[in-house]
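Asker: One structure is given below, represented as structure tokens, and several questions about it will come after.
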Amino acid sequence: MAGPCFIMTGIGIELVCSTIIVGALASDKSKDVLPPLTDEPASWLGSFLFLFTPLGSALSSLMLNRFGHKTCMILTNIPFIASQIMFFYANSVRTLYVCSMLMGISVGYSGGPTSAYLGEVCEPKLRGTLMSMTNVFCYVGSFLFTLINAFILDWRLTVLIGMSIPIVNIVILFMTPQSPMWLLTKGKPLKAQRSLAKLRGWPSQETGSSKEFKEMIAYTSTVVHDNDDIETDVKGTTSSWGQLLRPEVYRPFRLLMVYFFFANLMSGV
């Protein structure tokens, strides 16, 4: 759980980072090497984060099934770290633009593996509560980042301190077990058994006979072998795009689109 929580904290930092930098550089009294930002470059700096978020989501969807949730969660910290280093040494507005793009890719990339990992490793009775609680860490990240900048009053030093979050997150994720569900879909039941044992604190020999592990095996077997209502390509392998046409996928997707539409509409009012 610590890894996804740190990722959400990092997202909170990324979402507010551009705002702090624009505020620091908008003043004519700024002593920074960068010139004061006018309205147009400030607007682009804030916009690139959201313009490149879909690109990160697309990359995540292409890599998630192949590399697994744990690896993808580790990778999402790479553009975050790169953007913070570039922010610290930035000497032109174009560099700030690139940093904002990298943060957008990181934010978009993190959503898929984080939500999927939490949904697969949490106990069913705690899944909803824990997945909801992780969103709190997004606000925690924004609050702490803003608070640090308020005390330091140096945006470059603030982003350097903020870079500690993805670094610590990578260390934590290397010690985090891989998703048992993903391991089962890759035909690695023994590794899945050991992973579930670590997650639940059970002795490994007891995991194989547990009801939860048997249900995982039954579910993954159905997903892998039952392709009757999923579009397949010429070779007969499962098509990820075909799954978008399934009711259990497009119905929640439709609800999310309605939610995001009204959320953004109300934000602009």
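The values are calculated or read from the model by the stated rules, or taken from the named source; none is laboratory data. Keep in mind the model is a prediction, meaning the values are calculated, not measured. Ideal geometry is used to build each Cβ from the backbone, glycine not excepted, and the neighbour counts take in all protein chains shown. The accessibility values were calculated without ligands, DNA or RNA, using every heavy atom of the protein model including side chains. Shrake-Rupley method; radii C 1.70, N 1.55, O 1.52, S 1.80 Å.
Asker: Would you calculate the separation in nanometres between label points at Glu215 and Arg246, each defined as 7 Å from the Cα along the Cα-to-beta-carbon direction?
Answerer: About 1.8 nm separates the two model spin labels.
Asker: Measuring from label point to label point, each 7 Å out along Cα→Cβ, what is the Phe50 to Ile85 span in nm?
Answerer: With each label point 7 Å from Cα toward Cβ, the separation is 3.0 nm.
Asker: Here's another thing I want to ask about it. Pull out the extension gain between Val136 and Val93, defined as 0.36 nm times the separation in residues minus the alpha carbon to alpha carbon distance; nm, one decimal.
Answerer: 12.3 nm
Asker: Would you mind computing, in nm to one decimal, how far apart the modelled labels at Ile152 and Lys198 are, each placed 7 Å from Cα along Cα→Cβ?
Answerer: Label at Ile152, label at Lys198, 3.2 nm between them.
Asker: What is the gain in length, in nm to one decimal, between Phe262 and Thr38 on full extension, counting 0.36 nm per residue of separation less the C-alpha to C-alpha distance? Intermediate values should be presented prior to the final figure.
Answerer: On the way: separation 224, 0.36 × 224 = 80.64 nm, distance 3.03 nm.
Between Phe262 and Thr38, full extension yields 77.6 nm more.
Asker: Taking θ as phi - 60°, what are the ³J(HN,Hα) couplings along the stretch 146-156 by the Karplus curve (6.51, -1.76, 1.60), each to the nearest whole Hz, with x for Gly and Pro?
Answerer: 5, 5, 4, 5, 5, 7, 7, 6, 9, 5, 5
Asker: Sort Lys214, Lys125, Lys186 by accessible area with a 1.4 Å probe, largest first. Don't jump to the answer; show the numbers that get you there.
Answerer: Working: Lys214 120, Lys125 160, Lys186 85 Å².
If we order Lys214, Lys125, Lys186 from most to least accessible, we get Lys125, Lys214, Lys186.
Asker: Then there is this: Not counting ligands, DNA or RNA, and with a 1.4 Å probe, what is Arg254's accessible surface area in Å² rounded to the nearest 10?
Answerer: Approximately 140 Å² of Arg254 is accessible to the 1.4 Å probe.
Asker: Moving on to the next point. Taking a 1.4 Å probe, which of Lys211, Lys191 shows the most accessible area, and what order do the others take after it? Each step should come with its number before you reach the end.
Answerer: On the way: Lys211 150, Lys191 105 Å².
Order by accessible area, largest first: Lys211, Lys191.
Asker: OK, next. I'd like the distance between the alpha-carbon centres of the stretch 1-53 and the stretch 61-106, rounded to an integer number of Å.
Answerer: 14
Asker: Next question, about the same structure. Using the reciprocal of the averaged 1/r over all distinct C-alpha pairs, how large is the Kirkwood radius of the stretch 18-159 in Å? Walk me through the intermediate numbers first.
Answerer: Values: mean 1/r = 0.0605 Å⁻¹.
Here the Kirkwood hydrodynamic radius works out to 16.5 Å.
Asker: Tell me the net charge near Phe174. Cut-off is 14 Å between Cβ atoms, Phe174 excluded, with +1 for each Lys or Arg and -1 for each Asp or Glu.
Answerer: Numbers: positive: Lys70, Lys198; negative: none.
Once all neighbours under 14 Å are counted, the net charge is +2.
Asker: Which shape class, rounded, prolate or oblate, goes with the stretch 37-85 when its Cα gyration tensor gives a ≥ b ≥ c as root eigenvalues, a/c under 1.5 marks rounded, and past that a/b bigger than b/c marks prolate? Don't skip to the answer; put the middle values down first.
Answerer: Values: a/c = 5.88, a/b = 2.14, b/c = 2.75.
The shape class here is oblate.
Asker: Another question, if that's okay. Just read off the accessible area of Tyr109 with the full protein assembly in place, 1.4 Å probe, to the nearest 10 Å².
Answerer: About 20 Å², rounded to the nearest 10.
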